[in-house]
1. Which one, 323, 136, 190, has the greatest fluctuation when you compute a Gaussian network model over the chain with C-alpha springs under 10 angstrom?
2. Could you run the Karplus curve 6.51 cos²θ - 1.76 cosθ + 1.60 with θ = phi - 60° over segment 322-327 and give me ³J(HN,Hα) per residue in whole Hz, x for Gly and Pro?
3. Taking the Cα-to-Cβ direction at residue 214 and at residue 56 and moving 7 Å from each Cα, how far apart do the two end points lie in nm?
4. Listed here are the pairs 206/318; 107/155; 97/259; 155/293; which of them are more than 26 Å apart at the Cα?
5. If amide H atoms are built 1.01 Å from N in the plane of the peptide, which residues on other chains or at least 5 residues away come under 5 Å of the amide H of residue 109?
6. Give the ranking of 198, 314 by solvent-accessible surface, highest area first, calculated with a 1.4 Å probe.
7. Determine the gain in length on full extension of the stretch residue 172-residue 313; use 0.36 nm per residue of separation and subtract their C-alpha separation, reporting nm with one decimal.
8. Considering the chain as a Gaussian network with a 10 Å cut-off on Cα pairs, which listed residue, 319, 301, 268, attains the greatest mean-square fluctuation?
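The values are calculated or read from the model by the stated rules, or taken from the named source; none is laboratory data. For clarity, every value in this text was computed on a predicted model and none was experimentally measured. When we count neighbours, we look across all protein chains shown, and the Cβ atoms used for this are built from the backbone with ideal geometry, even at glycine. Accessible surface is based on the protein model in full, side chains and every heavy atom, while ligands, DNA and RNA are left aside. Shrake-Rupley method; radii C 1.70, N 1.55, O 1.52, S 1.80 Å.
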Amino acid sequence: MVNLPSPLGPGGHRLGGTLADLSAPGANMVWRSIRAMRHRAPGAASSGARREVFSAALEQSEQLFTSAANAGYASRPLLLFYGISQAGRAIAAASVKAGEKEWDLAKHGITADVDGRYRRLANLGLHDTKGGGSFIGLASLLSSSTLGQGVPLGKIWCTIPELRPFPLESSNQPLHPFLGFSLQGPGERISDGEFRIYGWLDGVSKRFLRDDEERKVCEFISHYPTLTGAQEAGNQLRKVTQSFSEGECARISRVWVLKSPPENVQEWSQSLTTPYAGDERRYVFPALDGSDKPIHPLIAWWALLFSLSMLARYKPAKWTEFIDVDRSPDAASVEHALDCALHVCPELVHHTIRAVSSRRDP
């Protein structure tokens, strides 16, 4: 293998060090792929006003993210939020699902209670804005839940895979994190005419592991719309613990009982999950507003960056305290989130544009 000098992206992020990883996704490479879409805009953004918005909004988004990579944590969330907001306009313009009254996004559509009473960042409340707006409109186009009457930031935080190693300081609120899912074989036909499919759910709190906690497990699973019909697997497949970095998660087995086998068990299993910045990574996400739709990963990042940007903009003294590693237990977590956003959000934008412009499930 020949080692080559590794180019640096915005903020000094390495894009690769060998011939094999030159095509590995990095901030620069992803933005280059997004730019490659603009000469022949996809989906409904192929012509007219939509094409103009698609191109201009993506140019602004890229410039904002590039500027964010060179900004300190005190101001970075402002640039990141408006970067993802402008990307949302491009996504809506390209969406084949969006009608003439739906693609041109306006207003925020989300509110953060930065003036409320909260001592911990995890307790900062966010909710939908009455009358609609960009957040609600984009969520609708992505078949995503929103925030309804109110969701604390801590609940949004734990739905984002990259943030698992650095959770916000606990506030003892019930959390419903993203879950991993994997099949346990191809399934089996039972003599009574039922077809059973067994699967693992990864990331469930260890407090559900005791044999007498099945009722709590079912209540926990009810917050995940795509897991409807999941039942306890019984004595054949016991709950098995699995170690995670934060030491609080576990793996449990579930069984789905169907009247007839699906045409393709693998495709059936994918219907339980949502792709995360590409089809290779898929997770089970909760609904944060009690609806029958899981939150879309881009919507979760949108809400998180909005909340941090509102703090930085309107409560600069409090924001400065939250990012002070000598005073705040959440400072390192916030730094991690703002670093991750630089490369994760462009990947999500790229994947989502491709999905909404080709009639695929976003």
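1. 190
2. 5, 9, 8, 5, 7, 10
3. Reported label-point gap for residue 214 and residue 56 is 6.0 nm.
4. Listed pairs above 26 Å: 206/318; 97/259.
5. Here the answer is 134, 135, since their amide H atoms fall under 5 Å of that of residue 109.
6. Order by accessible area, largest first: 314, 198.
7. Numbers: separation 141, 0.36 × 141 = 50.76 nm, distance 2.80 nm.
Here the answer is 48.0 nm.
8. Result for the chain, Cα springs under 10 Å: 268 fluctuates most.
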